[in-house]
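S.K.: Structure provided below as structure tokens; questions to follow.
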Amino acid sequence: IDVGVAAAPGSSSAGLGVGAVGAAVEAVAGVAAMQEEGGIRREGPEPDADEPPKKRVKVPEGESGKLEERLYSVLCCTVCLDLPKASVYQCTNGHLMCAGCFIHLLADSRLKEEQATCPNCRCEISKNLCCRNLAVEKAVSELPTECTFCLKQFPRSSLERHQKEECQDRVTQCKYKRIGCPWQGPFHELPAHESECSHPTKTGTELMGILGEMDQSHRRDMQLYNSIFSLLCYEKIGFTEVQFRPYRTDDFITRLYYETPRFTVLNQTWVLKARVNDSERNPNLSCKRTLSFQLILKSKVNSALECSFLLLKGPYDDVRIKPVIHHHSFSNDTNETDYVPLPISDSVECNKLLAAKNINLRLFIFQVQK
């Protein structure tokens, strides 16, 4: 079976036909079944469990190989050369990109103030110009892949359920972890360990020390939520949707920063500013990316304003932001807060914000009554 993708440089769209992809996937499944029945095993040394995973290399055109390997080279992301794990996007010429690489390319272009382009054909890409390729997503989900724990082959669509619920070699923890047992190991060894675990026989004094450490972590989480509920009891509370827009500094070395239009909350005029990697010179060369922001009071006030404030994600965004409460006393002399980190989980979430044309968040301000 020969599978290929027609991608003419001047064409408006190209991709895999659903019928062709379906036939190829059925053929792959048949080959895998025949190999399993015949007891055929791959030759070569067993892979080292501690060795980090390697990226797949495209098979050169014309080189003979298994159908599965040829499909990998056809369906893989043109950026990372690996099979996509979730959404698959394609440029106007049909070249495929996984969701992570696609968002990263858009974020890089924003940092460099350039138009994002496909790394393969250099045509322009954006969220409006690119679309998802559902046929490829379905085909990739049916391709076989190895379980991380038992090394058996399963379709990608069922691998997650197998690794979480069914695999007898999946890593699990002792049920007495709540009282301090550190054991973790294969699921099939769990019953033997729990029958011999020493933690259920510990004295009350020993258990109280373990539970005390767990209570401290729980207390920190409860303190945050109790603080938020206390702020909701304030007399003066205001919130608004804010939209950060990208700008460039006029200095000798231009840097990207974000700023909102002026907005009114609690009868005062405010502005929010944000910067990438604390105004690092070339943030596009860094894999780790962060955003920090400051709140600026633009109105003139007769007396100091004691305020608490926090930023949350907007109602239509999917970025994950953990709420953090900040405090500041605003006056005519101290009308700007220090830059504080936007509490997003990782660089992936930061790239989501950078890839967007505008960053939409929700700001809450609570005025302390004297």
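The values are calculated or read from the model by the stated rules, or taken from the named source; none is laboratory data. Remember, it's a predicted structure, so these values are computed and weren't measured experimentally. Here the Cβ positions follow ideal geometry from the backbone for every residue, glycine too, while neighbour counts run over all protein chains shown. Heads up: the accessible areas ignore ligands, DNA and RNA and are worked out on the full protein's heavy atoms, side chains in. Shrake-Rupley method; radii C 1.70, N 1.55, O 1.52, S 1.80 Å.
S.K.: Give GLU196, GLU189 a once-over and let me know the one that is in the same structural domain as GLU165 (by the TED database), open to solvent by 100 Å² or more (accessible area, probe 1.4 Å) and not small (Gly, Ala, Ser).
M.R.: Residue meeting the stated conditions: GLU196.
S.K.: In the range 287-301, which residue that is assigned to a strand (DSSP E or B) and of a type outside the set (Ser, Thr, Tyr) is nearest to GLY100 (Cα to Cα)?
M.R.: LEU291
S.K.: Counting only residues that are assigned to a loop (DSSP other than H, G, I, E, B) and more than 23 Å from LEU232 (Cα to Cα), which one in the range 340-364 is least open to solvent (accessible area, probe 1.4 Å)?
M.R.: ALA356
S.K.: Let me ask something else about it. Could you look through the range 91-118, keep only residues that are farther than 14 Å from VAL79 by Cα and without any contact (Cβ under 8 Å) to a residue 24 or more places away in the chain, and pick out the one that is least open to solvent (accessible area, probe 1.4 Å)?
M.R.: So the residue we want is SER109.
S.K.: Another one. Restricting to the range 260-316, give me the number of residues that are farther than 16 Å from ILE365 by Cα, open to solvent by 50 Å² or more (accessible area, probe 1.4 Å) and either outside the structural domain of THR337 (by the TED database) or of a type outside the set (Phe, Trp, Tyr) (or both).
M.R.: Number satisfying all stated conditions: 14.
S.K.: Across the range 199-229, what is the total count of residues that are surrounded by 12 or more Cβ atoms within 10 Å (Cβ to Cβ) and either under 29 Å from LEU305 (Cβ atoms) or hydroxyl-bearing (Ser, Thr, Tyr) (or both)?
M.R.: 3
S.K.: Of the residues that sit in the range 230-256 and are modelled with pLDDT of 85 or more, among the aromatic types (Phe, Trp, Tyr) and open to solvent by 60 Å² or more (accessible area, probe 1.4 Å), which one is farthest from TYR339 (Cα to Cα)?
M.R.: TYR234
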